[in-house]
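K.L.:
Mind having a look at this structure? Questions to follow.
The values are calculated or read from the model by the stated rules, or taken from the named source; none is laboratory data. The structure presented is a predicted model; accordingly, all values stated were derived computationally and were not measured. All Cβ positions, even for glycine, are placed from backbone atoms using ideal geometry, and neighbour counts span all protein chains on display.
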């Protein structure tokens with residue numbers, strides 16, 4: 001079997017077969033469950049809120065996916081280096097860029113698991129069916145590059161920083177900064193700085209696209225600007241991870 | 001020569017870590033690399049494996065510059081780092097199978113069992129590695145190092161965590177590999193008993209510099225280090241053997257003697273036996289390699 | 001004579017009230033639900049209201065702006081409703097309404113939330129010193145579950161339980 005695929009399977013397998021990885025999945029599913037139960041218990045939800053609920057669930061899935069990617073990305077390099085498992089890997093005949101691609105494959109497997117885990121939740125809350133299929137599609141198409149980009153960021157930082165703690169802290173700060181426009185009020189987002197930040201921020205790009213597709217029923221093809229910004233961010237983070245990993249010393 | 005390092009220099013963040021390292025390991029040879037903590041042993045190994053770039057000097061491993069083609073070096077080198085590096089959630093079989101494939105080898109279940117038995121692990125073990133003892137993990141690390149059927153082994157504290165029987169088993173394995181399969185072994189260890197038993201040659205690294213290199217007996221001779229032994233005799237010695245051994249002390253059956261400089265221990269024992277000494281046990285009692293090592297490292301530090 | 005004028009005005013006002021009309025300063029605004037509206041609407045249904053703004057005076061009325069407003073009147077939850085998602089047609093404007101002319105407008109509405117509501121059409125013009133409002137039309141919207149518990153509960157409990165089961169199985173297997 002191709003060594004890259006083998007490594008990706010190992011990295012992804014760690015999520016499903018290790019106690020720590022399964023614990024993470026349990027925690028993430030618990031968060032989605034609590035959100036779903038809160039919705040059921042709220043008898044005052046409006047019709048609009050159903051599309052809003054699917055949008056919120058899509059946003060929550062993407063945010064949790066990005067969080068998982070950051071944790072896995074930090075662990076993939078900095079964590080393995082601390083545990084001593086990175087060196088044996090780097091002492092095999094695998095070239096470093098293939099080791100990195102194998103770890104990228106692991107991130108993809110982890111997000112796929114997360115996405116499959118989230119699909120029943122999206123189905124469960126999307127009872128009126130407003131744009132439910134489109135919601136699932138847009139989360140797959142836009143959520144994937146956003147999540148992977150944060151994973152690459154954490155891997156690149158892990159290759160440059162001494163330990164997991166610094167890597168995780170920095171990655172989480174960047175993730176929070178990206179999510180911050182959504183925590184601000186609409187008026188702040190309308191300022192010049194707010195609009196610029198919204199335009200270049202991949203997380204905002206995904207959420208704005210979700211809003212357009214799920215709530216406003218726009219076509220996916222109309223989200224080209226958001227998709228472009230997200231893909232640019234993905235490419236930048238992949239380059240960052242690749243160049244950092246190549247330079248990573250023992 | 002499997003490893004040939006000459007005049008290696010390296011600074012890290014402006015601090016000289018390796019000042020002048022010279023080291024060579026030949027086929028079928030066990031070379032012991034000794035030195036105090038922080039001497040630069042691990043850094044030297046990292047350079048040899050292409051994990052670090054040196055500032056000056058020449059490094060050739062298996063005929064290749066590891067800076068240029070580290071993958072070629074890795075394909076034929078087995079390494080046991082000090083920190084084992086295991087995936088706690090895997091079983092030993094899964095772990096070996098995973099790394100075997102990374103080395104481009106495909107081992108069936110029977111072959112993996114042989115690999116596990118070779119290092120003294122039970123092939124039927126189904127527990128995850130996280131439940132293993134330190135000694136078991138050490139054995140597994142050695143099994144991993146042997147997966148590529150290497151021409152060169154680099155082992156950092158391979159008997160760490162092993163009981164005396166386990167240490168003896170590993171010693172026998174390493175001796176077999178070097179003597180019968182011509183594997184060159186670079187052994188980093190603080191256990192001088194291991195060095196004494198296993199190593200054909202040693203190198204002593206102090207503050208990033210090779211201060212001594214060669215066969216133990218030659219180094220002892222060159223360093224004028226007395227070799228002190230405790231001998232158990234069933235009766236009084238028949239005669240003194242001047243120029244061979246000098247009696248230092250006696251406690252009942254036990255006689256403490258120094259082998260005169262320039263005399264090899266094997267030659268001394270033959271002479272004593274021919275002279276009628278009723279020797280039943282021989283034990284090293286200070287002096288020798290430990291004193292040489294301490295002397296050289298203290299001298300350098302001063 | 002004066003008594004007759006009072007009776008006629010009262011009759012005119014009574015007649016206006018029966019048709020949901022309010023009058024002020026020559027402008028009258030009426031509002032009525034369409035006959036096609038469902039009798040017991042629920043969330044997600046669509047209603048429409050028909051308004052007529054007539055210039056009953058002798059002089060033209062200029063700068064007319066008329067808009068729709070909605071308030072929720074459930075006890076303890078009285079509040080104005082933001083019509084952003086209920087109604088896309090928020091206002092009409094007319095520059096000049098000649099005497100006897102009328103603006104007829106239909107106001108469609110999607111029912112977003114359950115509760116009891118009153119809808120009103122308000123109008124202002126350049127000549128009048130105050131607001132002209134139609135009488136209220138009241139309607140109730142029945143609740144409809146938007147998040148179905150029979151879908152959410154099995155998923156919300158089932159998936160975490162399945163993962164927890166996998167964790168326990170793994171522990172048992174490795175012990």
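K.L.:
Which numbered condition in (1) facing another protein chain (nearest Cβ under 10 Å); (2) modelled with pLDDT under 90; (3) closer than 28 Å to residue B:46 by Cβ is the only one that residue A:88 fails?
P.N.:
(2)
K.L.:
Quick test for you: out of A:174, A:125, pick the one residue that is surrounded by fewer than 24 Cβ atoms within 10 Å (Cβ to Cβ) and either at pLDDT below 90 or closer than 18 Å to residue A:239 by Cβ (or both).
P.N.:
A:174
K.L.:
Next question. Can you tell me which residue within the stretch A:198-207, out of those that are assigned to a helix (DSSP H, G or I) and in contact with a helix residue (DSSP H, G or I) (Cβ under 6 Å, 6 or more places away or on another chain), is surrounded by the fewest Cβ atoms within 10 Å (Cβ to Cβ)?
P.N.:
A:198
K.L.:
Residue B:120 fails exactly one of the following numbered conditions: (1) surrounded by 17 or more Cβ atoms within 10 Å (Cβ to Cβ); (2) in contact (Cβ under 8 Å) with a residue 60 or more places away in the chain; (3) assigned to a loop (DSSP other than H, G, I, E, B); (4) out of contact with any strand residue (DSSP E or B) (no Cβ under 7 Å at 6 or more places or on another chain). What is the number of that condition?
P.N.:
It fails just one condition, (2).
K.L.:
Looking for something within 18 Å of residue B:184 (Cβ to Cβ), touching a residue at least 12 places away in the same chain (Cβ under 8 Å) and not in a strand (DSSP E or B) - is there at least one such residue anywhere in the stretch B:54-69?
P.N.:
Yes, because at least one residue in the stretch B:54-69 is within 18 Å of residue B:184 (Cβ to Cβ), touching a residue at least 12 places away in the same chain (Cβ under 8 Å) and not in a strand (DSSP E or B).
K.L.:
Continuing with the same structure: From B:63, B:104, grab the single residue that is within 10 Å of chain A (Cβ to nearest Cβ), out of contact with any helix residue (DSSP H, G or I) (no Cβ under 7 Å at 6 or more places or on another chain) and farther than 13 Å from residue B:132 by Cβ.
P.N.:
On inspection, the qualifying residue turns out to be B:104.
K.L.:
Those residues that are assigned to a helix (DSSP H, G or I) and touching a residue at least 60 places away in the same chain (Cβ under 8 Å), I need them from the stretch A:208-225; list them, please.
P.N.:
The answer is A:209, A:210, A:211, A:213, A:214, A:215, A:220, A:223.
K.L.:
Given the structure, is residue A:138 touching a residue at least 12 places away in the same chain (Cβ under 8 Å) and either within 14 Å of chain C (Cβ to nearest Cβ) or within 21 Å of residue A:220 (Cα to Cα) (or both)?
P.N.:
Spelling it out, residue A:138 is indeed touching a residue at least 12 places away in the same chain (Cβ under 8 Å) and either within 14 Å of chain C (Cβ to nearest Cβ) or within 21 Å of residue A:220 (Cα to Cα) (or both).
K.L.:
Against the condition modelled with pLDDT of 85 or more, within 14 Å of chain C (Cβ to nearest Cβ), in a helix (DSSP H, G or I) and more than 18 Å from residue A:59 (Cβ to Cβ), how does residue A:104 come out, does it pass?
P.N.:
No, not satisfied.
K.L.:
Okay, moving on. Report, by residue number, each residue of the stretch B:148-180 that is more than 15 Å from the chain's Cα centre (by Cα), touching a residue at least 60 places away in the same chain (Cβ under 8 Å) and surrounded by fewer than 22 Cβ atoms within 10 Å (Cβ to Cβ).
P.N.:
B:151, the sole residue that qualifies.
K.L.:
Looking at (1) under 24 Å from residue B:277 (Cβ atoms); (2) in contact with a helix residue (DSSP H, G or I) (Cβ under 7 Å, 6 or more places away or on another chain), which one does residue B:257 not meet, given that it meets all the others?
P.N.:
Only one criterion in (1) under 24 Å from residue B:277 (Cβ atoms); (2) in contact with a helix residue (DSSP H, G or I) (Cβ under 7 Å, 6 or more places away or on another chain) is unmet by residue B:257, namely (2).
K.L.:
Looking only at residues that are more than 9 Å from chain A (Cβ to nearest Cβ) and modelled with pLDDT of 90 or more in the stretch C:143-167, which one is farthest from residue C:45 (Cα to Cα)?
P.N.:
Here the answer is C:165.
K.L.:
Ok, one more. In the stretch B:200-224, what residues are in contact with a strand residue (DSSP E or B) (Cβ under 6 Å, 6 or more places away or on another chain), at pLDDT 80 or above and more than 13 Å from residue B:23 (Cβ to Cβ)?
P.N.:
B:200, B:215
K.L.:
Moving on to the next point. Hey, among A:118, A:133, A:110, A:124, which residue is more than 10 Å from chain B (Cβ to nearest Cβ), at negative phi and free of Cβ contacts under 8 Å to residues at least 12 places away in the same chain?
P.N.:
The unique qualifying residue is A:133.
K.L.:
Somewhere in the stretch A:55-62, is a residue within 14 Å of chain B (Cβ to nearest Cβ), buried (at least 23 other Cβ atoms within 10 Å of the Cβ) and either more than 30 Å from residue A:161 (Cα to Cα) or modelled with pLDDT of 85 or more (or both)?
P.N.:
Within the stretch A:55-62, not a single residue is within 14 Å of chain B (Cβ to nearest Cβ), buried (at least 23 other Cβ atoms within 10 Å of the Cβ) and either more than 30 Å from residue A:161 (Cα to Cα) or modelled with pLDDT of 85 or more (or both).
K.L.:
Same structure again: So residue B:79 passes all but one of these: (1) in contact (Cβ under 8 Å) with a residue 40 or more places away in the chain; (2) part of a helix (DSSP H, G or I). Which condition number does it fail?
P.N.:
(2)
K.L.:
Could I ask something else about it? Checking residue A:77 against (1) surrounded by fewer than 23 Cβ atoms within 10 Å (Cβ to Cβ); (2) assigned to a helix (DSSP H, G or I); (3) more than 15 Å from the chain's Cα centre (by Cα), which test does it fail?
P.N.:
(1)
K.L.:
Determine which member of the set B:85, B:78 is touching a helix residue (DSSP H, G or I) at 6+ places or on another chain (Cβ under 7 Å) and under 29 Å from residue B:212 (Cα atoms).
P.N.:
After applying the criteria, what remains is B:78.
K.L.:
To continue, here is another question. Please note which strands (runs of 3 or more DSSP E) are completely contained in the stretch C:18-136 and include at least 1 residues that are within 30 Å of residue A:50 (Cα to Cα).
P.N.:
Where strands (runs of 3 or more DSSP E) fall fully within the stretch C:18-136 and carry at least 1 residues being within 30 Å of residue A:50 (Cα to Cα), they are C:27-33, C:46-55, C:61-72, C:91-97, C:102-110, C:115-124.
K.L.:
Something else: For the stretch B:24-53, which positions are in contact with a helix residue (DSSP H, G or I) (Cβ under 7 Å, 6 or more places away or on another chain), within 12 Å of chain A (Cβ to nearest Cβ) and in contact (Cβ under 8 Å) with a residue 60 or more places away in the chain?
P.N.:
Selection gives B:49 alone.
K.L.:
Does the stretch A:5-15 contain any residue that is outside any helix (DSSP H, G or I), within 8 Å of another protein chain (Cβ to nearest Cβ) and either at pLDDT below 90 or in contact with a strand residue (DSSP E or B) (Cβ under 6 Å, 6 or more places away or on another chain) (or both)?
P.N.:
No.
K.L.:
Only one of B:39, B:109 is at pLDDT below 90, in the same structural domain as residue B:170 (by TED's automatic domain parsing) and crowded, with 23+ Cβ neighbours inside 10 Å; which?
P.N.:
From the options B:39, B:109, the qualifying one is B:39.
K.L.:
For the stretch A:107-123, indicate whether the set of residues that are outside any loop (DSSP other than H, G, I, E, B) and touching a strand residue (DSSP E or B) at 6+ places or on another chain (Cβ under 8 Å) is non-empty.
P.N.:
Checked the stretch A:107-123: no residue is outside any loop (DSSP other than H, G, I, E, B) and touching a strand residue (DSSP E or B) at 6+ places or on another chain (Cβ under 8 Å).
K.L.:
A follow-up question, please. Would you call residue A:179 surrounded by 21 or more Cβ atoms within 10 Å (Cβ to Cβ) and touching a residue at least 60 places away in the same chain (Cβ under 8 Å)?
P.N.:
No: the conditions fail for residue A:179.
K.L.:
Here's something else I'd like to know. Determine which member of the set B:72, B:145 is within 11 Å of chain A (Cβ to nearest Cβ), under 22 Å from the mean Cα position of the chain (by Cα), at pLDDT 90 or above and closer than 24 Å to residue A:99 by Cα.
P.N.:
The conditions single out B:145.
K.L.:
Applying the selection to the stretch A:231-250, what residues are within 14 Å of chain B (Cβ to nearest Cβ) and over 12 Å from residue A:97 (Cα atoms)?
P.N.:
Within the stretch A:231-250, A:249, A:250 meet the criteria.
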